[in-house]
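See structure below.
What follows is calculated from the coordinates using simple rules that are stated; it is not laboratory data. Here the structure is a predicted model, which is why all the values come from computation and not from measurement. All Cβ positions, even for glycine, are placed from backbone atoms using ideal geometry, and neighbour counts span all protein chains on display.
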Amino acid sequence: MFDISKIDYSFILKRYDIAAENNDTPEAIASKMLPKDPVLNKLASVVLYMKLKEIIPTVNEALKTKKPLEIINNGLVAGMEIVSVLYAKHIYYLPEIMMAAKVMEVGISIAEKQIPGGRETKGKVVMHAAEGDPHDIGKNIAAVMMRSSGFTVVDLGKDVAVDEVVAAVKKEKPLFVSGTALMTTTMTAMKDGAAKLQAEGIDIPYMAAGGAVNRDFAESFDLGIYSEKAPQTPPIAEKILKGYDWKKVREEWDSIVGGQ
Amino acid sequence: MTTKYTKMAYDNADDMVFGHAKKPISYGLGIKVGAGRVIPEINYAPRPGTEKSVERITKEYVDYISKDAITRAVTLGFPDLQLETEWVSQMGTVKGMGASIVAGQKAITEKMHDEYGINLAVRHTIPDQREAEQGLRLGMDSKFSYPEKFIECCETACENGTDVLCVESVGGKEFADYAVLNGDITAFLFGVGYLGSIDMEKIWTEMVSICKKNKTIAGGDTNCSGANVSMFMAGGLLDNDVQRTFSAVTRAISAARTMVAMECGATGPDKDCGYEGPIIKSITGKPAAQEGKNCQCAHADIQGNLMAQCADVWSNESVEYHPEFGGSSVQCWLGPLGYECSLMNTAIVTGQAKILRDLYMTSDRTRGPEGYILAYDNAWKIGKKIAENGNDYYLRAKAAGLAAANIIIEGNSKKELPLTRKQLDVVKKIVKDLEALPDDTDKFYEYCEKKYKDEVPNFKPKSYGF
């Protein structure tokens, strides 16, 4: 090997990850966002700092003085919202999202048992990886992000037959259905599924995502809308919740995923 | 029984260079790999919708993709070309589809070889659709019969004329997915390093047997389903899903697993997307297929030059077939791929190979921790740790992970490899986690079985013979 000891690597490449490193700490960001109420503050903190062992006693203690919905919305979800901010600022990463979401979900499951008739979520979505496709990690991440954003996820799993997707949509009546694919020849299952839904008179958006899928393909068939990355799914869902149909999502896609 | 590697094929890292392998191999229509010339390998995906019939997809693969690629290779004066077909799922499930495509590609390579004298071969990489939930071994999957289909695909590919048989096997993926999402190196070690190795021993013993029966080259495997997921999610310099130090350590662990194919009798070239290739080549001496700068059609990695350092086959990973200004996509991506091989081969024939190798390696050495541990000098050090612990799947994978983590920390402390605070924190925690694990394989299994009982519910011990 030639002598590399004196090489000035900065002449060859620039480490933008080092240059862009965020010096803020989770504590500094959180101090401006955590609820002032001490009980809610504790709930949000347990989610924010991913303290799985503390979540059950913390929620049980909070239930003595707070209503379940307040615990969920102003404590647990508030903590998760701070996690989302930390993720956007590159202070938290995917493992933190996963763990915080798990803590939040455990807390919600305890609190919502105290709500007569159960808790109403923002809406329901059916998710799956396309027929013939065993790759589902992207779908799983998006599902966590959807649940963390207050939606109910009906997860059909991977390699799901088109007819099974259609049957689930008819049964669950979701806001929209999403599918993922990593192969060019499995993503066509979503196009087939959308056609079958239309034939049944169902006109909900059919979100197509995954490594092989691009916006051109997703928008090449009726009902089809695109999600490039998992974090884009909740903001698109919020628009559908507000009444956007698949055509309007397409029209405003750039601004929706751009955070507007 | 397999013969495990406990010694290094290369006594010195400096002996490793592109185009040369300790154990070269010949196959196909004049292709010689690791014998002094780097071979370009073009990989492709059919257009959506072409899978609707056997006739249509055969036409896509044979009359369009294969013919386009070979014609372009001849047009540009490339002496060698390997085609790689990574089977789409329908090739393993629709009757006659796999056989039709394999036979069609065999026929067109023979025709073009006869016509132009170009050296050609076809590699078929069969799909591993086995699902952890259903079970990985024969008789376990009553819903899809994917383990049985796996074997059928191997037989179909070999009986219809593939030159090389490969797979991207998925043993341990249930833990790999969990590990990557949760930043849990122990789960990755258990899933990929230990269970994945056990699964590979099972399937590769069978694959090598099928290859021998059909006089087919048993190529190799890759941890695409684990370490590549980790690498892709770690992404580029501004991505923020998985830490690149975590990804780098998963890569080292995956090397201990992927080389099981070689221990079962695979001869190489292994799979291009196995970025663990330099480590495996240092141990086995068998030819490595790699990808990097010329696979940007499929994904961006941050060691695009470096991966050419020890490559014997140089690939584009995969490109969807479609028209571009300069021809079809396979033609346009074969151009730079073949010219890169031409540059490497010029370096070889002029005695400059080690200079070019070091230029490739140096240009990406500090772009990220994964490239850093794959730089051939560091890859060799990791290989040595694997070989020293070669008789035990768990211990050698753990040794690989620890070696990689310590190489990264040392590189950072001597100010060669910059890391963010988070990247450094993660790799230090990895060392702590790995060092805390038991030294006994049975105790490690018991520990993981208990620890992940609820976290990885789709784990079926029976899939791995437990």
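Run the dipole for the protein assembly as shown about the Cα centre, Lys and Arg Cβ at +1, Asp and Glu Cβ at -1, nothing else charged, and hand back the magnitude in debye, nearest 20. Could the numbers behind the result be given before it?
Working: 86 positive and 98 negative charges, 245 e Å.
That gives a dipole near 1180 debye.
Only bridges whose two residues both fall in the protein assembly as shown count here: according to DSSP, what percent of them are antiparallel, nearest 5? Mind showing how you got there, number by number?
Working: 8 of 49 bridges.
Just about 15 percent of them are antiparallel.
I'd like the distance separating the alpha-carbon centroids of segment B:209-234 and segment A:197-260, in whole Å.
Comparing the Cα centres of segment B:209-234 and segment A:197-260, I get a distance of 35 Å.
Quick query: amide H of B:LYS4 versus all other amide H atoms, modeled in the peptide plane; which residues come in under 5 Å with a sequence gap of 5 or more or a different chain?
Amide H to amide H, under 5 Å and 5 or more residues apart or across chains, B:LYS4 pairs with nothing.
Could you check the spin-label model distance between B:GLU110 and B:ILE151? Points 7 Å from the Cα along Cα→Cβ, value in nm.
2.9 nm
Rank these for me by crowding, B:ARG72, B:ARG137, B:ARG367, going from fewest to most other beta carbons within 10 Å. Spell out each step's value before the answer.
Working: B:ARG72 22, B:ARG137 16, B:ARG367 26.
Fewest-to-most Cβ neighbours within 10 Å comes out as B:ARG137, B:ARG72, B:ARG367.
How large is the charge dipole for segment A:22-114, taken about the Cα centre, if only the Cβ atoms of Lys, Arg (+1) and Asp, Glu (-1) carry charge, to the nearest 20 debye?
Numbers: 11 positive and 10 negative charges, 40 e Å.
Computed about the Cα centre, the dipole is about 200 debye.
What's the exposure ranking of A:ASP17, B:ASP63, going from fewest to most Cβ atoms within 10 Å?
Details: A:ASP17 22, B:ASP63 12.
Ranked by crowding around the Cβ, least crowded first: B:ASP63, A:ASP17.
If I model a spin label at A:LYS51 and A:ASP203 as a point 7 Å from the Cα along the Cα→Cβ vector, what separation in nanometres do I get?
Label-label distance for A:LYS51 and A:ASP203, simple model: 5.1 nm.
Summarise the partner chain shielding of A:184-194 as one whole number: the mean count of Cβ atoms from other chains within 10 Å of each residue's Cβ.
On the way: counts 13, 15, 5, 2, 6, 1, 1, 2, 0, 0, 0.
Mean number of neighbouring Cβ atoms from other chains: 4.
Quote the FRET efficiency, to the nearest 0.05, computed for B:SER26 versus B:VAL94 with a Förster distance R0 of 41 Å and r equal to the Cβ-Cβ distance. Let's see the in-between values first.
Numbers: r = 33 Å, r/R0 = 0.82.
The pair B:SER26/B:VAL94 has a calculated efficiency of 0.75.
Between A:ARG215 and A:MET33, what length comes free when the chain is fully extended (0.36 nm per residue of separation minus the Cα-Cα distance, one decimal in nm)?
62.0 nm
Roughly how many Å is it from the Cα centre of segment B:132-176 to that of segment A:1-36, as a whole number?
With segment B:132-176 and segment A:1-36 each reduced to a Cα centre, they are spaced 43 Å.
Is there a simple number for the mean count of other chain Cβ atoms within 10 Å of the Cβ of residues in B:354-362, and what is it?
Details: counts 2, 1, 0, 2, 4, 1, 0, 3, 6.
Shielding by partners across B:354-362 averages 2.
Past 18 Å, Cα to Cα: identify those pairs from B:LYS7/B:LYS385; A:LYS89/B:LYS432; B:LYS173/B:LYS202; A:LYS196/B:LYS59; B:LYS22/B:LYS354; B:LYS52/B:LYS95, in the order given. Spell out each step's value before the answer.
On the way: B:LYS7/B:LYS385 10 Å; A:LYS89/B:LYS432 27 Å; B:LYS173/B:LYS202 16 Å; A:LYS196/B:LYS59 28 Å; B:LYS22/B:LYS354 16 Å; B:LYS52/B:LYS95 12 Å.
Flagged as over cut-off: A:LYS89/B:LYS432; A:LYS196/B:LYS59.
Taking every residue in B:175-182, how many Cβ atoms of other protein chains lie within 10 Å of its Cβ, on average?
On the way: counts 0, 1, 4, 3, 1, 5, 9, 7.
Across B:175-182, the average partner-chain Cβ count within 10 Å equals 4.
With just the Cα atoms defining each centre, how far is segment A:44-122 from segment B:98-120? Give it in Å.
60 Å
Quick one: compute the contact order of chain B, relative version, from alpha carbon pairs under 8 angstrom and 6+ residues apart, as a percent. Can you show the working numbers first?
Working: 1006 pairs, mean separation 96.7, N = 466.
Normalised by residue count, the contact order of chain B is 21 percent.
With springs only between Cα atoms under 10 Å, which of A:PRO68, A:PRO38, A:PRO205 fluctuates most in a Gaussian network model of chain A?
A:PRO38
Could you please rank A:TRP246, B:TRP333, placing first whichever residue has the fewest other Cβ atoms within 10 Å of its Cβ?
Details: A:TRP246 21, B:TRP333 27.
Ranked by crowding around the Cβ, least crowded first: A:TRP246, B:TRP333.
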